[in-house]
Structures are given as structure tokens and as C-alpha cells.
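The block underneath contains the structure these notes are about, expressed in C-alpha cells.
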Amino acid sequence: MFRFPAVRALLIQVAAFPLTLAIVYLLASSGLVLSYWHVALVQGMLAALLSWWRGLASWWRAIQFGFPLALLGASALAIPPAAFLAIFLFLLLLYWSTYRTQVPYYPSGRKVWEAVAAALPQERPVRVIDIGSGIGGLVLELQRRRPESTIEGIELAPLPWLASHLRALATRSRARFIRGDYEKLDLGDYDAVFAYLSPAAMSALWRKAAREMRPESTLFSYEFVIEDRPPSRIIHPAIGGPALYMWDF
């Protein structure tokens, strides 16, 4: 658990709290009048410094600095506890284990779907999976374009998975959506694997793909490249937008 950045960030906030109390006590003893906003500012600065010291990524420093201020601001709004609970449950179902996978919800778009469809083998049926399929846009579009093929998506978060499953039922699509972790799949079962994950997940994805994907299959990654593994092909679905990288096996 301690190797996950989100858990480490939480522990850093906890560690910063007694330091904040000590600094606030010294400042108050010297005659300074401090408000809760001053305390939140000190807590945020200490947490950001500790995050830098412990080697967390730069965006975590910004999050750590802003978290106590955001928490204090939210408490000032006097939002009912039930609303807080509802928001928490919604975000939990939407992001689920993002703290572990470091893969937030990244929706792609129609231009990307069209580029993937054009890059797939056209002369034969194919089996394709979208890992981290979200609400199912790519999977449903590919299944519509390639009715002879088997198009699947796998999603860990319950809410996006449910949305994609219901969309498939509503449109009577043959697309199949699995709720689970792609690490438990055998990527050798597929002709093409599409991923729109995050930089933190790319090394593990490549290791798995290199072990399992069979000859003449293709790994697609939108926006995020695999370090030290030059792609076989690169497409820019939208002018000036992120690239679609392809590794042919």
C-alpha cells in the first residue's frame, strides 16, 4: 500500500499536521494573530515541502498545498453531510482504484476512434480490447463499424462499466464489456489492444504486452508513449492534438 502515491500523499498530510501545530504555537506565542486560513496555508506549505523531499511528482506538490485550503473552503460552505457522502460515493464509483492504478478517467474522442478503426486489419475479422474502456465509446463505435469482429472493453471502475454495459444493451450492440483489471487478461487473445491510460502505467503495460501479445498483433496507445520503445507507427488523429502510437509485434 505504501508504494502508491496517493497513500504516501495522505501519510504526508498526517505527518505535516504536528509540525503545523508546533509552528502555529510558536507564531501565536510571539503575538501573531492567526486565522484558520493561516493554519491551512502552513499545513499546505509543509505538506508540499515534504512531498518534494519524498520525491513525489510535481503535481502532487500542488495538490498537497491546495488540499488543506480546499478542505477549509468546503467546510465554510456548510454543505450538508448527506451531500458530501453522495459526492464521495459518486467519485468512488467513478474513479474506484485510481489511487492504486494511477489511471484517472481519460475519455478519447471520435477522431481517435476513426484512426484506430482505419489502422486495424481490414481483410479479416479481428478481436480487439480497450483496456480502461470508460463509458464504452471506442468499443461501441468499432463494433458498429466492424460487425464481423469481436470488440471488447475492460473497466475497473463500477460506474463507467455500468454505463458502457447499459449503452450496449440499449443499442443492441454485440460489444462486450468486462468489469475487472486488465492485468488479469491474457493479451495474447487479441489482435489489437488499445490503451489510453497515464504515463505512470505505460512501463507495466509494455512488460505485459511484450510477454503476451502474439505476432502480427498491435498495441495502440493514445497520447502516452512507452519510454525507450520507439513505436512502429504514429498517427495524429487531430491536427495539433496528441498522437496515436502503435507497436506492431
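The values are calculated or read from the model by the stated rules, or taken from the named source; none is laboratory data. Being a predicted model, the structure only gives us computed values, none of them experimental. Positions of Cβ are backbone-derived with ideal geometry, glycine not excepted, and every protein chain shown enters the neighbour counts. Ligands, DNA and RNA are stripped out before the accessible areas are found, and what is left, the full protein with its side chains, is counted by its heavy atoms. Shrake-Rupley method; radii C 1.70, N 1.55, O 1.52, S 1.80 Å.
Values for this structure:
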quantity: Descending principal axes extents, the chain, alpha-carbon based, whole Å; calculated: 80, 42, 36
quantity: Contact order relative to length of the chain, as percent, for alpha carbon pairs under 8 angstrom and 6 or more apart; calculated: 14
quantity: Accessible surface, per residue, of the chain when the full set of protein chains is kept, probe 1.4 Å, Å²; calculated: 57
quantity: Global size of segment 204-249 as Cα Rg and Dmax, reported in angstrom; calculated: 11.0, 34
quantity: Rounded to the nearest 20 debye, dipole of the chain from Cβ charges on Lys, Arg, Asp, Glu; calculated: 240
quantity: Residue-averaged [θ]222 nm for the chain, counting only DSSP H segments that reach four residues, each worth -39500 (n - 2.57); calculated: -16000 deg cm²/dmol
quantity: Cα-based helix-to-principal-axis angle, 202-212 vs the chain, degrees rounded to 10; calculated: 30
quantity: For segment 110-248, alpha-carbon Rg and Dmax in angstrom; calculated: 14.0, 43
quantity: L19/A76 FRET efficiency (R0 25 Å; Cβ-Cβ; nearest 0.05); calculated: 0.55
quantity: Computed log₁₀ I(q)/I(0) - Debye formula, equal Cα scatterers, no solvent, segment 5-79, q 0.17, 0.18, 0.22 Å⁻¹; calculated: -0.63, -0.70, -0.94
quantity: With DNA, RNA and ligands ignored, accessible area of E216 (1.4 Å probe; Å², nearest 10); calculated: 140
quantity: Inter-part distance where segment 55-82 and segment 153-232 are each reduced to a Cα centre, Å; calculated: 32
quantity: With DNA, RNA and ligands ignored, accessible area of W60 (1.4 Å probe; Å², nearest 10); calculated: 50
